[in-house]
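*Asks:* Quick one: structure below, then a few questions.
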Amino acid sequence: MTDAKTEKSDYNAEDDIDRKDRIKLAADLVQTLSKSGKTLKIYPETSPVRQKIIDELNEKFAKFLNQCGELDLRIRQFEITYNDEVIYSNPSKEESLAFKFYGDGIRSIRFTVGLEEKEILDFIGIISRNYSLDAQDNDIITMLWEKNFENIHHTAVDYREEREIETIAPEDYIPSESGSGNLQSVFNAEVSKHTADTGDDGETTLQAAAGAELVIEAIYKKPISEIFILTQEEIEQIQQEMETEEGMDLVSELLDILFHILQIEKELDIYTEILKNITDTLKTFILSGDYQRGLPILTTLKALSNEENNFSPVHAQEVYSAIDSLGVEQFIRQLTTSINMNKLIDTTQLFSFLTMLNKNAIESISNMTGTIEQIKIRRLYCDVLALLARDNMELLIKGLEDSNWYVVRNIVYVLGKIGSAEAIKYLRRIKNHSEPKVRKEIVHAVSEINSDDAKDLLSYYLDDKDSSVRLTALQNIAIHGYRKAVPSILNIIIGENFDTKDAYEKKEIFETLGILNSPQSISYLKDILMKRAGFFSKARIEEQRAYAAMALKKMSIPEAKDMLKEGLSHPDKSIRNICEETLKYMEKEQK
Amino acid sequence: MNEKPSMGKKDASGKEFINNLHILIKTALIHDSSNIAITTPLTKTMDSVHLLLAGRDSFSLRLIHDNLFINDTKIRVDIENFLASMFLTGEMKKNNTGKITFHLQLSANELRQFVYAFISPVSKAPTSNETFEDVLDKLSSYSIKNITIDRLQEETGSLGQPVRTTQEMAANIYFKTISVVSEIMDSTKLKNAANMTKAKRLIQSMVDLMLQDESTILGLTTLKAYDEYTYNHSVNVSILSLAMGQRLGYNRKELSDLGMATLFHDIGKIDMPVDLLNKPTDFTPEEWQIIRRHPVYGVKTLLKLKGLQERAIKMVMVSFEHHLNYDLSGYPKLLSPKRVSLFGRIASITDCYDALTSSRVYNRNPFLPDRALFFMMKKSGTAFDPTLLKIFINVVGIYPVGTLVLLSTNELGLVIQANPSPVNIHRPLIKLITDPKGNEIDGDTVDLSKHENITIKRSIDHRKYGVDVSKYFL
Ligand SMILES: [Fe+2]
Ligand SMILES: [Fe+2]
């Protein structure tokens, strides 16, 4: 009695140790499996770390399967058990491996002897995927099903009932006898009909006489034994098509269908729905930088938004609205963000895309000119605006009130680019903008505009408080030969502040005066040139004479020469000299 | 067990009871108990209760392992009653009820009260024990004595492969698929993604079965429902397409995509008036005009299935293309030429075949399978891709599985498997079902390619004689 009992408990203890070992091994294996999913994603294919993890897993699986035959795991909501012991537990819905399986309906997973490295890797690939991204197409069960593993098996609850699949014993099925007692009547009718078959149509008679073969042979004009054998040519042709389809871009196929529908579908509900899908696809293309596929779509839509190319004005309007959806700020903002992230943008295609948009894009794009990071692309946005807003300048004007000075500057640039005289009235409103860069941009812009108002505004900046603005204005006056600015320049020269300007600006002022070549300046220049020392210091007099000479050297009108010739006989020697030198210079230049 | 000899009759009255109870509960879900609409289904159900009570004190409707039983007799699920069975199974599970017993003294009023007591707790969490208690409470508060209920027995869920024959599995999957398609297509909006996942899982099982045993599952396509044409047709087209896909050598993923795409090829019909689809007479030209809209309607519906994913796109393709003929002569009429995808070309063949051989929509008098094939062969190269049509005929044979044939020996036989060799395409495997004198037998299976002296004289329209050939496949 006692012996037997001892023996029995000994046996149990041994078994228990064995069992404990197995459970430990299994727990370790599942832990490793769960970890490697995360780690393997980080390391590239060639990484030695990666290979180490794979080798480790391989080894652990091999060891376990060799010792224990198979690894049969049961899945609970947040736990995995082996031999009724919990060997994995993680209550986080996001991270738990158990929950991932459980949520998909999987209730057990079994790994069997013969498990290969490829299977382990594929399995890890499946469990480490992010399913929320494409839940519709791929779930764990589908992925496992598609892989059709030889050594990984799973059971799942029937999706329908959320319960285990039932077992029905075969003897449960008892065939019905209804509707099967009348074979005798079939027989009677058909056999007698057959023997007396005369009055049916040709085909039936033919068939009655010789079965279906003759009918088919008549259709194919070949013996029946040859008709349904596929020829080598047919096999190749179909394989060719299958290959083509495998490499086919399904999204393009979808678009092809959608555009076919737009060509034929008049029902507005459907038309709009299809259109919406096309635009959504187009947006995806554009955001991913795929202009290759995106641009042709927009080109087609543009054509369809024209009444002449569509069933009715209503349909054309629908298309127009669809294009509007590409111009809304939300989308242009997304686009700008994606451009900021991806520095390699095909600017030509981006330009084509943006310039095809509707008017509603003007405000969105102008708001984004301050957000775009690359200078090149900012210029591009502005150039786009110049094209889009050419006839709709009023849509740009809001940007002039933007609190960000750079947005204002960009819009001013665009207005200059458009170069329409109408812009002046808007620019005038902000002519005293606090930011010098904006005022400078206004100077550039008004220089592009050919109107008296523009030139007046240009002269206005000669007296700006910022020297670079003043200089830019001067330069532009010179470039455009704007003589009307002469009185303003002269006012500056005789003004109180002139002396406080630095040498470079003074030089620019006089040179500009020279370039403008106006008779109006002569008497002033004469005054400066021939002023005698006395009240003023000598050095200052000489500096001013040099500037006046500088201006005169740029001039070609006879009044200038006449004045200098007059100076040749001036009693002051230094004046005579400077006149002589300047005249010589002018004559040389004229040659 | 000693009730078995009279099985046939009881089975029929059991089915009728199931159908009537189904309609009664559905009506009760819509109308309240005083509504006149409840009267007819109530009377009909009472009639079938009385039929089943004949000579007994009581009978029970039982739910065991997902199957309905009347006492110890299992209700065979077939094309006429599968929706009713699924529905009742679902209702009983909801209330955690495993057995409903009807006693001899039952009155129509009691039955009515019972039905409303039975449906009202549905707002509670399903399958909780409370719901069963609720129903019990209600029954006693109405003092219903002649209908009693028992709790559903907890089933010891055993993991591992269920032991079933291929035929049973095939039939099970077939009916479940029909049921899922009907749920999806009845709900008009595809908002229920869970149903799509159900459908996907069923198609995966279908592919598994197809890879194991093509004939059994092909045999199920001989089931032609008269009331649920669209659903039944959808599943048939899916099965036939999968069989073609298998011949073409598609992998599992491609097969499951093909199965799903063809299963929902007619999803555009959810936007068509039901009365039109089930119209008993021929369509007028105006009605045809409406019917022809379904490929584009289908595209519209399917587009809501989450944008640009592969499977959804393939589904869109099949919906749009399945009536575009090979030469684009079908509908919708396109303004510019288009390549029809292989899936689309496959669906146009399987769809046409199943439609021609079913007694709905395209013709009131369905073609026999071989006649349908003649019709289609004449359009090889115009309506149908000639190579794919050949492959299709290789799959189904000239006398497709399920065809009743008269042999040169004057025996009647049923085609149970196409001959795998195209040379012997007109010589399938036949199960003899009568002797040369017309007596029904459970005969041998004969491979006609090995018996050159026996030929098929002709195919016979089993429907004309009310012969249920599907029973050989269920
Ligand atoms: Fe259709
Ligand atoms: Fe169809």
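*Asks:* I'd like the residue in the stretch B:149-168 that is of a type in the set (A, V, I, L, M) and modelled with pLDDT of 80 or more and, out of all such residues, is nearest to the chain's Cα centre (by Cα).
*Replies:* Per the criteria, the residue is B:L152.
*Asks:* May I ask you to list the residues in the stretch B:81-112 that are free of Cβ contacts under 8 Å to residues at least 40 places away in the same chain and of a type in the set (D, E)?
*Replies:* The answer is B:E110, and nothing else.
*Asks:* Filter the stretch B:431-474 for residues that are among the hydrophobic types (A, V, I, L, M, F, W, C) and closer than 21 Å to B:F392 by Cβ; which is nearest to the other protein chains (Cβ to nearest Cβ)?
*Replies:* Looking at residues that are among the hydrophobic types (A, V, I, L, M, F, W, C) and closer than 21 Å to B:F392 by Cβ, I get B:I456.
*Asks:* Within 14 Å of chain A (Cβ to nearest Cβ), within 16 Å of ligand 2 (Cβ to nearest atom), farther than 22 Å from B:I184 by Cβ and not in a loop (DSSP other than H, G, I, E, B) - does that describe any residue in the stretch B:234-246?
*Replies:* yes
*Asks:* If you don't mind, another one. Give B:V318, B:V235 a once-over and let me know the one that is within 16 Å of ligand 1 (Cβ to nearest atom) and within 21 Å of A:I238 (Cβ to Cβ).
*Replies:* Being within 16 Å of ligand 1 (Cβ to nearest atom) and within 21 Å of A:I238 (Cβ to Cβ) holds for just one of B:V318, B:V235, which is B:V318.
*Asks:* While we're on this one: Evaluate the stretch B:220-229: report whether one residue or more is within 14 Å of ligand 1 (Cβ to nearest atom), assigned to a loop (DSSP other than H, G, I, E, B) and over 22 Å from A:Y271 (Cα atoms).
*Replies:* no
*Asks:* Next question, about the same structure. For the stretch B:271-287, give me each residue that is within 12 Å of ligand 1 (Cβ to nearest atom) and in a helix (DSSP H, G or I).
*Replies:* B:L277 - this is the single residue of the stretch B:271-287 that is within 12 Å of ligand 1 (Cβ to nearest atom) and in a helix (DSSP H, G or I).
*Asks:* What helices (runs of 4 or more DSSP H), lying completely within the stretch B:319-420, carry at least 1 residues that are modelled with pLDDT of 95 or more, within 14 Å of ligand 2 (Cβ to nearest atom) and buried (at least 20 other Cβ atoms within 10 Å of the Cβ)?
*Replies:* Once the helices (runs of 4 or more DSSP H) in the stretch B:319-420 are filtered for at least 1 residues that are modelled with pLDDT of 95 or more, within 14 Å of ligand 2 (Cβ to nearest atom) and buried (at least 20 other Cβ atoms within 10 Å of the Cβ), what remains is B:342-357.
*Asks:* Just checking, which of B:T216, B:T230, B:T222 is within 12 Å of ligand 2 (Cβ to nearest atom) and either modelled with pLDDT of 90 or more or within 16 Å of the chain's Cα centre (by Cα) (or both)?
*Replies:* B:T230
*Asks:* On to the next question. Could you tell me which residue of the stretch A:269-310 is surrounded by the fewest Cβ atoms within 10 Å (Cβ to Cβ), considering only residues that are within 14 Å of chain B (Cβ to nearest Cβ), touching a residue at least 40 places away in the same chain (Cβ under 8 Å) and more than 18 Å from A:D324 (Cβ to Cβ)?
*Replies:* Selected residue: A:S288.
*Asks:* Ok, one more. I'd like the full set of residues that are near ligand 1 (Cβ under 10 Å from one of its atoms) and outside any loop (DSSP other than H, G, I, E, B), limited to the stretch B:288-307.
*Replies:* Listed by number, the residues that qualify are B:I291, B:H294, B:P295, B:G298.
*Asks:* With the requirement that a residue be in contact with a Ser or Thr (Cβ under 8 Å, 6 or more places away or on another chain) and of a type in the set (K, R), what does the stretch A:332-371 give you?
*Replies:* A:R333
*Asks:* Now for a different question. I'd like the full set of residues that are away from chain A (no Cβ under 14 Å), within 13 Å of ligand 2 (Cβ to nearest atom) and under 21 Å from the mean Cα position of the chain (by Cα), limited to the stretch B:271-306.
*Replies:* B:L277
*Asks:* Would you check if A:A386 is under 24 Å from the mean Cα position of the chain (by Cα) and small (G, A, S)?
*Replies:* yes
The values are calculated or read from the model by the stated rules, or taken from the named source; none is laboratory data. Being a predicted model, the structure only gives us computed values, none of them experimental. Neighbour counts run over all protein chains shown; Cβ positions are idealised from the backbone, glycine included.
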